[in-house]
Amino acid sequence: MDKEKKYDAIVIGAGVGGLTVGTLLANEGLCVLILEQCDRVGGRALSIKGEEISNNGLQWYKDLLAAQYTYIAGAQPEIDTIIGQRMLDGYTLDVGYHAISANGVGYMLDFEELIGGIEGVNKHGGQWASYYKGKIYKDLAGHSIDPELKELAKKEKIPYLDFYTDPHRMSDEQIDELEKVSLKEWAEKKGITKNDIIYNHLHTVCTLFSTINNPEDISIGDIFRYFKYAFGPKIARGLTGYTGGFVEGGVMEWSKAVAARFESLGGDLKLNSPVKEIRVADGKVTSVVVEEKDSGKVEFTADMVISNIPAQNTFRVIDKKNFPEKWVNDTTSMYGYGSYAPYMGLNKLVMPEEHAHLGIKNTCVLPMEEGYDYDVYICWNIQSVLDPRVAPEGKYLYTAYLPMTEKESLDKTLVNKLIARLPDFMEEVYPGFKDSIDWKLDLVCWKLEGVAKSVSQAGTQKVPVRSEHVEGLYFAGDTAKGYGVAMDCAIASGVICAGEILGKDFGIR
C-alpha cells in the first residue's frame with residue numbers, strides 16, 4: 001500500500017458502519033482507504049474461534065475483547081482451565097449478542113442490494129418469543145401471530161397489533177415526534193398496559209430492538225421508524241418470515257464478505273492500524289496518522305475522513321478545539337448501553353425441542369431493587385441449534401444478553417449478582433440445566449449499543465453524519481444518525497453517511 005497515495009476518503013474503523021459507508025463509496029468509484037485497529041474486520045460484531053483462544057492464550061483474548069469495550073468478568077471453571085484444557089475448541093464466539101434482525105432482511109438487505117450483493121454468506125432464521133409466568137408467547141413474524149395473544153387482545157379489546165401497523169400509517173413528521181415518546185407512554189395511551197401479558201410481551205420486543213430495560217426510556221419512535229422503512233417494503237415482498245437469525249459460522253462472516261466486496265471494488269483495507277490523529281488545517285481535514293507496529297507513525301491524506309469510532313470517543317483522535325464547547329459537551333455526554341453477554345457450552349439440551357429453536361426473552365432476571373436502574377431483562381438462544389457450525393458435534397452453544405447501563409456494566413458488584421443468578425434462573429425455567437453446562441464464560445460489553453435508543457437520544461437526535469464544524473469530517477456507526485437495531489442501526493448510519501457524501505438518496509431516513 002502506497003502511503004503517498006491520495007485518497008478521496010479515509011474511513012476509520014472496519015466495523016459494520018465503516019464497512020458500509022466505505023463499500024458504498026467504492027461502489028461509486030471513489031478511492032477509499034479503511035483503517036482498522038484490530039487484526040480482523042467487524043468491530044463490535046466480532047467473532048473469535050475457540051482454537052484461536054486456545055492457541056494464543058488469555059492475554060491475547062483479553063486484548064482483543066478490550067478493543068471492543070468488552071472484558072471477562074468470570075468463568076466456570078476458571079478461565080485458565082478452560083483455555084488450558086482447550087474446552088473452547090470447535091466453538092465460535094461472537095463478541096456480545098449478535099443475532100440479526102428478521103434474519104437480515106432489514107437495512108442489511110437494503111445495503112447488500114445497493115452494492116450488488118455479497119458472496120459466501122448464509123443466514124439461519126428463527127422465531128423469537130417471550131417467557132412470562134411459565135408460558136411462551138411467540139413474536140409476530142410475517143403474518144404469523146401467537147393465537148393466545150390474538151385471542152387475549154380480541155377478548156379485552158386491546159389494540160395489540162397497532163404496535164405493528166401504526167408505523168406504516170404515520171408520516172415521517174409523526175414518527176419524528178414519537179422519538180421523544182416512550183414505550184410506556186404510548187402503551188398507556190393505547191390502553192395496552194391494562195393487560196400485563198400483552199404489555200410484557202411488547203416490552204420484551206422493544207428491549208430486543210433498543211437494548212434498554214426501562215420502558216419509560218425506550219423510544220417508540222425509533223422502533224416505529226424501523227418498522228416502516230426497514231420492514232415495510234419487505235412485508236410487501238413476503239420476506240419477513242423470521243423474527244431473527246444468525247450468520248452461519250459467526251457474525252463476522254458477514255463483515256468479511258463485505259470487506260471482500262469492498263476490496264473487489266478497488267478499496268484498500270489496512271488492518272492492525274490504530275489511528276492516532278485526524279489532522280485539520282484551516283477548518284478542513286487533511287490527513288490521518290496511523291501508528292504502525294514496524295514503521296511507526298504513517299500519514300495518509302484525504303479530503304474526507306469518516307469516523308466509525310463511537311462519537312463519544314471522537315476527541316481521542318481529533319483536537320476538541322476544532323469544535324464548539326457545547327458540541328463537545330453534548331457529544332461526550334451521550335450514553336450507550338452495556339450488557340452481560342455470557343456463553344455456555346452445553347453437553348445436552350434439557351428444554352423442549354421447540355424451545356431450543358427459539359430466541360426467548362424475559363423482562364426480569366433480577367429486579368431493580370437489587371440496585372439496577374430497572375429490572376434486568378434477558379434474551380437467550382441455543383445458537384448452535386440454528387447454526388450447528390458454531391459448536392462441536394454433540395455439543396451446544398448457549399448465548400444470551402442481559403442489558404445493563406454502561407455504569408452498571410462497570411460495577412463488579414452488580415455484574416457478579418447477574419453472573420451468580422443466571423444459572424439459577426435457567427434452572428428454574430428448565431430443570432436440569434445446570435447439569436448440562438460444560439463451561440461458562442461471563443463476558444461484559446459496556447458499549448453493546450454505542451448510543452442508547454432512548455427518548456433523549458434516538459434517531460435524529462444523534463450526531464449528524466456530516467460535521468457542521470470541520471469540513472470533510474463525517475460520522476458513521478451506531479452512534480451517528482441512524483435507526484434500527486444493533487447492526488442494522490450501524491448499516492443505516494453508513495448508508496445515510498454515504499448518501500450525504502455522494503448527494504444521493506438511498507431511501508433510508
Original post:
Can you name every residue in region 477-509 that is within 22 Å of residue 99 (Cβ to Cβ), in a loop (DSSP other than H, G, I, E, B) and within 17 Å of the chain's Cα centre (by Cα)?
Top reply: 477, 478, 479, 482, 483, 484, 485
**OP:** Could you tell me which numbered condition residue 436 fails, if it satisfies all but one of (1) under 22 Å from residue 77 (Cα atoms); (2) of a type in the set (Gly, Ala, Ser); (3) surrounded by 20 or more Cβ atoms within 10 Å (Cβ to Cβ)?
**Re:** (3)
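Yes or no, residue by residue, for (1) assigned to a loop (DSSP other than H, G, I, E, B); (2) at pLDDT below 95:
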{"site": "235", "(1), (2)": "no, yes"}
{"site": "241", "(1), (2)": "yes, yes"}
{"site": "246", "(1), (2)": "no, no"}
{"site": "250", "(1), (2)": "yes, no"}
{"site": "253", "(1), (2)": "no, no"}
{"site": "259", "(1), (2)": "no, no"}
{"site": "266", "(1), (2)": "yes, no"}
{"site": "269", "(1), (2)": "no, no"}
Original post:
When region 450-464 is examined, which residues are found to be touching a helix residue (DSSP H, G or I) at 6+ places or on another chain (Cβ under 7 Å) and surrounded by fewer than 20 Cβ atoms within 10 Å (Cβ to Cβ)?
Top reply: 460
**OP:** Return the residue satisfying two criteria in turn: it lies in region 199-233 and is part of a loop (DSSP other than H, G, I, E, B) and at pLDDT 95 or above, and of such residues it is nearest to the chain's Cα centre (by Cα).
**Re:** 212
Subject >> Set 473, 410: member being crowded, with 22+ Cβ neighbours inside 10 Å and either without any contact (Cβ under 8 Å) to a residue 60 or more places away in the chain or farther than 18 Å from residue 42 by Cα (or both) >> reply: 473
Subject >> Filter result for residue 313 (assigned by TED's automatic domain parsing to the domain that holds residue 437, surrounded by fewer than 23 Cβ atoms within 10 Å (Cβ to Cβ) and not in a loop (DSSP other than H, G, I, E, B)) >> reply: no
**OP:** Check off (1) within 27 Å of residue 459 (Cβ to Cβ); (2) modelled with pLDDT under 95 for residue 162 and give me the number that stays unchecked.
**Re:** (2)
Original post:
Restricting attention to region 152-173, does a residue exist that is crowded, with 20+ Cβ neighbours inside 10 Å and in contact with a Ser or Thr (Cβ under 8 Å, 6 or more places away or on another chain)?
Top reply: no
**OP:** Just give me the residues in region 82-101 being more than 30 Å from residue 57 (Cβ to Cβ) and touching a Lys or Arg at 6+ places or on another chain (Cβ under 7 Å), in sequence order.
**Re:** 100
Subject >> Matching entry among 8, 2, 94, 63 (being at pLDDT 95 or above, out of contact with any strand residue (DSSP E or B) (no Cβ under 7 Å at 6 or more places or on another chain) and among the charged types (D, E, K, R)) >> reply: 63
Original post:
How many residues, within region 209-230, are touching a Pro at 6+ places or on another chain (Cβ under 9 Å) and surrounded by fewer than 21 Cβ atoms within 10 Å (Cβ to Cβ)?
Top reply: 1
**OP:** Identify the residue in region 350-376 that is of a type in the set (Val, Ile, Thr) and closer than 19 Å to residue 207 by Cα and, among all such residues, is surrounded by the fewest Cβ atoms within 10 Å (Cβ to Cβ).
**Re:** 363
Subject >> Residue list for region 273-297, restricted to those being at pLDDT 95 or above, in a strand (DSSP E or B) and not small (Gly, Ala, Ser) >> reply: 275, 276, 277, 278, 279, 280, 284, 285, 286, 288, 289, 290
Original post:
Do the conditions hold for residue 447, that is, is it of a type in the set (Lys, Arg), under 23 Å from the mean Cα position of the chain (by Cα), buried (at least 21 other Cβ atoms within 10 Å of the Cβ) and more than 17 Å from residue 70 (Cβ to Cβ)?
Top reply: no
**OP:** Could you pull out every one of the helices (runs of 4 or more DSSP H) wholly within region 38-127 that has 1 or more residues that are of a type in the set (D, E, K, R), surrounded by fewer than 21 Cβ atoms within 10 Å (Cβ to Cβ) and touching a residue at least 60 places away in the same chain (Cβ under 8 Å)?
**Re:** 107-114
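The values are calculated or read from the model by the stated rules, or taken from the named source; none is laboratory data. The model shown is predicted, which means the values in this text are computed figures rather than measured ones. We place every Cβ from the backbone using ideal geometry, glycine too, and count neighbours over all the protein chains shown.
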